[in-house]
Amino acid sequence: MVKKLWGFFKNTYLALMLLFLYAPILVLMVFSFNESKTMGNWTGFSLKWYQALLKDGTIMDALGVTLSVAVISAVVATVLGTLAAIGIHSMHKRRRAVVENISQLPMVNPDLVTGISFMMLFALLGLKGGYVRMLIAHITFNIPYVIFSVLPKLRQSSNQLYEAAMDLGCTPWTALRKVVIPDIMPGIVSGFILSFTLSLDDFVVSWFATSGIQNLSIYIYSIARRGISPKINALSAILFVAVITLLLIVNLKSIREEREAEKQAKKLRA
């Protein structure tokens with residue numbers, strides 16, 4: 001009886017938590033199909049806001065900047081962060097602890113401080129070009145998240161695999177490419193997805209670090225004082241569905257690979 005009550009309360013709590021998390025997004029997605037421009041007034045199903053979205057050149061330009069910066073910064077940060085994680089993992093215990101703590105600072109640092117710091121740095125260096133400044137800022141704040149996505153997989157991995165590959169005649173680069181990286185690939189993929197979504201979502205750092213160019217968050221902030229257009233609801237719905245689809249694909253692939261690995265391990269034991 002106690003177990004049933006505990007299971008009921010646990011499932012109820014989980015359901016309520018998911019409801020509070022996703023109810024606002026569901027409302028936004030529903031009203032993106034509303035024919036009326038007024039948010040609280042449903043007048044009928046329509047796709048006109050999606051059509052208007054595709055015809056709005058300003059939003060499309062902001063979307064292009066957002067996606068290109070997110071993809072490029074995620075790729076570069078994933079490469080640099082993975083190499084940094086491998087280097088940190090190979091350090092001695094005390095030095096590794098110090099470097100890990102230093103690497104955590106950008107993650108716990110307020111975005112406001114990070115954004116102002118980039119603004120002052122770029123002004124000091126005289127760096128022009130809003131796109132380049134935004135890209136550098138996004139790569140920089142994404143790297144720590146990649147490091148701490150890859151490090152747990154490196155701790156789970158065995159150093160003997162790398163040493164065995166070296167004993168079998170592999171060069172350090174070949175052993176890294178064919179043994180270490182495939183073994184920690186789930187962490188690398190997680191770091192890439194995290195970097196992509198953080199870059200997609202960022203406003204504060206982008207606002208302070210760049211000038212003369214705007215991503216979606218800056219564009220939405222600039223028009224918020226005049227009221228949010230239903231076109232933004234349509235854009236938000238598209239981005240949410242795209243990110244959720246990407247996460248589902250990656251997670252389902254990881255689950256399938258884990259099941260295949262378990263089956264192979266059982267066969268070897270048998």
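Checking the conditions here, which among 68, 73, 103 is in contact with a Pro (Cβ under 7 Å, 6 or more places away or on another chain) and either surrounded by 13 or more Cβ atoms within 10 Å (Cβ to Cβ) or in the same structural domain as residue 246 (by TED's automatic domain parsing) (or both)?
Details: 68 fails: in contact with a Pro (Cβ under 7 Å, 6 or more places away or on another chain); 73 fails: in contact with a Pro (Cβ under 7 Å, 6 or more places away or on another chain).
Criteria check complete, one pass: 103.
Pull out all pairs, ordered by first then second residue, where Cβ-Cβ is under 8 Å, the residues are six or more apart or on different chains, the first lies in region 43-54 and is more than 9 Å from residue 234 (Cβ to Cβ), and the second is of a type in the set (Asp, Glu).
Going by the 8 Å Cβ cut-off, the qualifying pairs are 43/35; 44/35; 45/35; 46/35; 48/35.
Pairs needed: first member in region 128-145, touching a residue at least 40 places away in the same chain (Cβ under 8 Å); second member anywhere, of a type in the set (Asp, Glu) and buried (at least 23 other Cβ atoms within 10 Å of the Cβ); C-beta distance under 8 Å; at least 6 residues apart or different chains.
138/202; 141/202
I'd like to know if region 87-95 contains one or more residues that are modelled with pLDDT under 85, buried (at least 17 other Cβ atoms within 10 Å of the Cβ) and either of a type outside the set (A, V, I, L, M, F, W, C) or assigned by TED's automatic domain parsing to the domain that holds residue 181 (or both).
There is no residue in region 87-95 that is modelled with pLDDT under 85, buried (at least 17 other Cβ atoms within 10 Å of the Cβ) and either of a type outside the set (A, V, I, L, M, F, W, C) or assigned by TED's automatic domain parsing to the domain that holds residue 181 (or both).
Matching residues to (1) of a type in the set (Ser, Thr, Tyr); (2) within 24 Å of residue 240 (Cα to Cα):
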residue	(1), (2)
4	no, no
7	no, no
15	no, yes
21	no, yes
24	no, yes
27	no, yes
32	yes, yes
35	no, yes
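The values are calculated or read from the model by the stated rules, or taken from the named source; none is laboratory data. For clarity, every value in this text was computed on a predicted model and none was experimentally measured. Please note: Cβ atoms are built from the backbone with ideal geometry, for glycine as well, and neighbour counts cover all protein chains shown.
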